[in-house]
Amino acid sequence: MLELRLTTLNGRQPQTFALRPPEVVFGRGRDCDFRIRARDVSRRHCRIVFYPTYVAIEDLSSTNGTFVNGQRISASQALKRGDIIRIGSAVFRVDFIGPGEATSAPAGPVAVDTPMAESVEDEPASVFVKLNNLPPDQIPDVKR
């Protein structure tokens, strides 16, 4: 199973999130798989979709757009290792883990570290990841 990892680049400390098929929706809304609480993030901002041979990011008609390597995307765009994604004020670096290195964690996003990203506008852009359906031993210990 192919796994995509996003690492925050503008947080107080880099944090890594593992994303798995079939898709992960990003946004401010409570129904999103990967919540980013920032004013410049739409309720349903974008999504990452896992296809058989590649992974793509798609903007969901967000107000402020989704950017890959500094370019606003207007259609589905395949992601590659090292790409920089900007969703509102949250900035992430893309990495992939191949089938031999993937863990046995359940489908959907899993926070590897305390979820928090810092806004490039000096205001916090909190990141929340759904943890439902995780066995108790796989829920990260979040300290405040």
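Points to keep in mind about this one:
- One residue stands out among those in the stretch 11-29 that are in contact with a Phe, Trp or Tyr (Cβ under 9 Å, 6 or more places away or on another chain) and not in a strand (DSSP E or B): the one that is least open to solvent (accessible area, probe 1.4 Å), which is R20.
- Filter result (touching a Ser or Thr at 6+ places or on another chain (Cβ under 9 Å), under 14 Å from I87 (Cα atoms) and among the aromatic types (F, W, Y)) within the stretch 1-56: F26
- Screening the candidates D113, D95, D40 for the property of being of a type outside the set (K, R), within 15 Å of the chain's Cα centre (by Cα), surrounded by 12 or more Cβ atoms within 10 Å (Cβ to Cβ) and at pLDDT 50 or above yields one hit, D95.
- Residue match in the stretch 51-68 (condition: in contact with a strand residue (DSSP E or B) (Cβ under 7 Å, 6 or more places away or on another chain), in a strand (DSSP E or B), in contact (Cβ under 8 Å) with a residue 60 or more places away in the chain and open to solvent by less than 40 Å² (accessible area, probe 1.4 Å)): no
The values are calculated or read from the model by the stated rules, or taken from the named source; none is laboratory data. Nothing here was measured: the structure is a model prediction, and the numbers come from that model. Because the Cβ atoms are built from the backbone with ideal geometry, glycine has one as well, and the counts that use them run over all protein chains shown. The protein model used for the area step is the full one, side chains on, heavy atoms only, and it has no ligands, DNA or RNA in it. Shrake-Rupley method; radii C 1.70, N 1.55, O 1.52, S 1.80 Å.
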